[in-house]
Amino acid sequence: MPRSLLPHTPARKALLVLLAVLLPLSATAGEPGSLTVQPRPVEDLKAVFATVESVRETVARARIGGTVADLTVTEGDKVTVGQVIATVRDPKLPLQLAALDARIRALTAQQRQAELELGRARQLRASGTGTQQRLDDAQAALDVARAQIAAMEAERSVVAQQAREGEVLAPAAGRVLQVKVIAGAVVMPGEPVASIATDTYILRFHLPERHARFLKEGDPVLVGQRGLAPVTVADPGATALARGTVRQVYPEMAGGQVVADATVDGLGDFFVGERVRVYVATGTRDAVVIPPDWLLRRFGTDFVRLADGTEVPVQAGGDIPALDGQPGGLEILSGLKPGDVIVRPAGS
């Protein structure tokens with residue numbers, strides 16, 4: 001067998017030189033990007049459970065005593081400011097209005113009679129046959145009748161206002177949490193009819209005392225989705241972490257814990273009292289962070305490929321979310337040192 005299919009000719013030498021040039025070029029073109037390992041400061045996140053609560057919770061109360069005739073809301077309904085949520089009726093009020101109307105009509109008749117008497121007294125006084133005392137008495141009787149009518153009309157306005165106050169109005173816009181009465185129930189003035197959570201919702205969480213010094217207003221927080229399902233930072237789908245901001249840090253501790261509120265968009269669809277997983281920054285530390293898809297896993301062991309082609313075993317930690325403009329990734333606890341150049345595995 002010949003050792004070569006081509007003889008030692010100038011054409012064979014040129015072909016060997018061309019192969020020697022093309023082979024290294026194709027390996028470099030297919031090589032993925034590289035990354036120099038350098039520790040960077042990351043936020044030390046602590047996972048806590050927060051409770052969805054309304055900023056303010058108010059109570060709609062009955063302003064008069066009576067019987068609940070109409071109840072137009074139930075738990076979970078949304079209400080607006082001034083919306084009638086129930087009607088309390090007192091059967092005595094229409095009777096009082098009818099009695100006052102009758103008394104006003106009687107006083108009106110007395111007023112007309114007093115006006116006639118005053119007119120006669122003036123004519124007699126003008127003709128010289130009447131006395132000044134009779135004229136003064138007629139004028140006083142008319143003034144008394146007018147004052148009594150004004151008093152009765154004011155009293156009637158009070159009773160009419162009481163009848164109008166039978167409408168129980170929503171004091172704020174929000175959702176009805178509890179309806180405390182039923183139709184036909186007897187209520188007293190000031191008795192609660194329904195409790196309403198205002199439209200502004202927050203997340204209230206508690207942190208141990210040792211983390212209180214790191215927490216301040218304006219700090220970012222990461223919020224999981226409903227259901228308390230575990231969330232991975234690398235998941236770009238529906239379970240991705242939402243962003244929020246610490247709204248208020250309360251100055252008083254309760255049971256060795258600091259209480260804080262965070263604002264997050266979209267809490268209006270949650271149940272009041274529902275628990276949500278929240279990640280709060282409790283300080284910074286240095287960590288080695290790489291993209292999650294740069295990690296190789298074989299036989300239960302994690303590897304990272306160096307620029308020279310060797311693969312070193314590493315110990316992977318938890319996910320590091322993107323926070324304060326810093327990109328997220330996967331923390332490497334051991335196996336890499338600053339200055340190492342790693343490459344992305346092909347096909348990842």
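Structure notes:
- Descending principal axes extents, segment 134-223, alpha-carbon based, whole Å: 92, 37, 21
- Per-residue HN-Hα couplings for segment 76-82 [Karplus 6.51, -1.76, 1.60; θ = phi - 60°; Hz; x = Gly/Pro]: x, 5, 8, 10, 10, 5, x
- Hydrodynamic radius of segment 68-140 by the Kirkwood approach over all distinct alpha-carbon pairs: 17.1 Å.
- Candidate cross-link partners of Lys78 among the lysines, defined by an alpha-carbon separation under 19 Å and a same-chain spacing of 8 or more, comprise Lys180.
- Taking other residues whose beta carbon is less than 11 angstrom from the beta carbon of Arg175, and scoring Lys, Arg as +1 and Asp, Glu as -1, yields -4.
- Highest-first arrangement of 200-208, 39-47, where packing means the average Cβ count within 10 Å: 200-208, 39-47
- If you take the alpha carbon atoms of segment 146-192 and fit the smallest convex hull around them, that volume is 106 Å³ per residue.
- For segment 178-226, the equivalent ellipsoid built from the Cα gyration tensor has semi-axes of 40, 14, 10 Å, listed from largest to smallest.
- Rg/Rh for segment 256-307, where both radii come from Cα atoms and Rh is the Kirkwood radius: 1.18
- Segment 254-340: C-alpha gyration tensor shape, a/c 1.5 cut-off, then a/b vs b/c: prolate
- The orientation-averaged projection of the convex hull spanning the C-alpha atoms of segment 127-276 amounts to 20.3 square nanometres.
- The alpha carbons of segment 294-344 give a radius of gyration and a Dmax of 11.8, 36 Å, in that order.
- When segment 261-348 is described by a simple charge dipole with +1 on each Lys and Arg Cβ and -1 on each Asp and Glu Cβ, the residue from Pro338, Trp294, Val304 located farthest towards its positive end is Val304.
- Local charge for Leu295 was computed over the other residues whose Cβ lies under 13 Å away, with Lys and Arg +1 and Asp and Glu -1, and equals -1.
- Overall dimensions of segment 45-204 by Cα: Rg and Dmax, Å: 27.5, 105
Read-outs throughout are calculated quantities, based only on the coordinates presented, and are distinct from any laboratory measurement. What you see is a predicted model; the values in this text were computed from it and never measured. Cβ coordinates were reconstructed from backbone atoms using ideal geometry, including for glycine residues, and neighbour counts include every protein chain displayed.
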